[in-house]
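The values are calculated or read from the model by the stated rules, or taken from the named source; none is laboratory data. All figures in this text were calculated on a predicted structure; none of them were measured in a lab. We place every Cβ from the backbone using ideal geometry, glycine too, and count neighbours over all the protein chains shown. Only protein heavy atoms, including side chains, enter the accessible area calculation; ligands, DNA and RNA are left aside. Shrake-Rupley method; radii C 1.70, N 1.55, O 1.52, S 1.80 Å.
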Amino acid sequence: MGVLSYCKIDDMVISRNMQNYLNEIESKVALGNLLATSVAASQFIQIFSGRMSAGKRLNTIYEHDWEKFGQAMAGTHVAGRTHERYLLN
């Protein structure tokens with residue numbers, strides 16, 4: 001027996017309270033995605049804004065702290081999950 005046949009939710013009726021909780025969780029997920037997009041965009045703006053030669057730009061990309069960037073991106077996921085856990089408890 002598959003999971004889909006065992007856990008049929010086609011006829012499930014969601015209460016107004018549950019719908020409000022689901023909407024709130026969806027909103028937090030959207031905010032987490034916006035945070036991740038902002039963190040990513042800020043790094044590229046920092047690297048590519050301003051006028052400089054191609055060689056200097058390549059050097060800027062090479063010297064950029066990509067490890068910290070990765071940690072910041074991983075942190076956005078943690079921040080989003082923390083808000084979801086807060087809502088569920």
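The label point for residue 21 and the one for residue 43, both projected 7 Å from the Cα toward the Cβ, are 3.6 nm apart. Among the protein heavy atoms, those of residue 78 account for about 90 Å² of accessible surface (1.4 Å probe, every chain in place). What the phi angles of the range 35-43 give under the Karplus curve with 6.51, -1.76 and 1.60, with θ = phi - 60°, is a coupling list of 4, 4, 5, 5, 4, 5, 5, 4, 5 Hz, glycine and proline written as x. Computed from the C-beta positions of residue 11 and residue 78 and an R0 of 41 Å, the FRET efficiency is 0.65 to the nearest 0.05. For residue 18, the shell of other residues with beta-carbons less than 14 Å away shows a net charge of -1, using +1 for Lys and Arg and -1 for Asp and Glu. Here the 3J(HN,Hα) profile of the range 44-54, calculated from phi with Karplus coefficients 6.51, -1.76 and 1.60 at θ = phi - 60°, is 6, 5, 4, 6, 9, 7, x, 9, 7, 5, 4 Hz, Gly and Pro shown as x. Taking all protein chains as shown and a probe of 1.4 angstrom, residue 18 keeps an accessible surface of around 90 Å².
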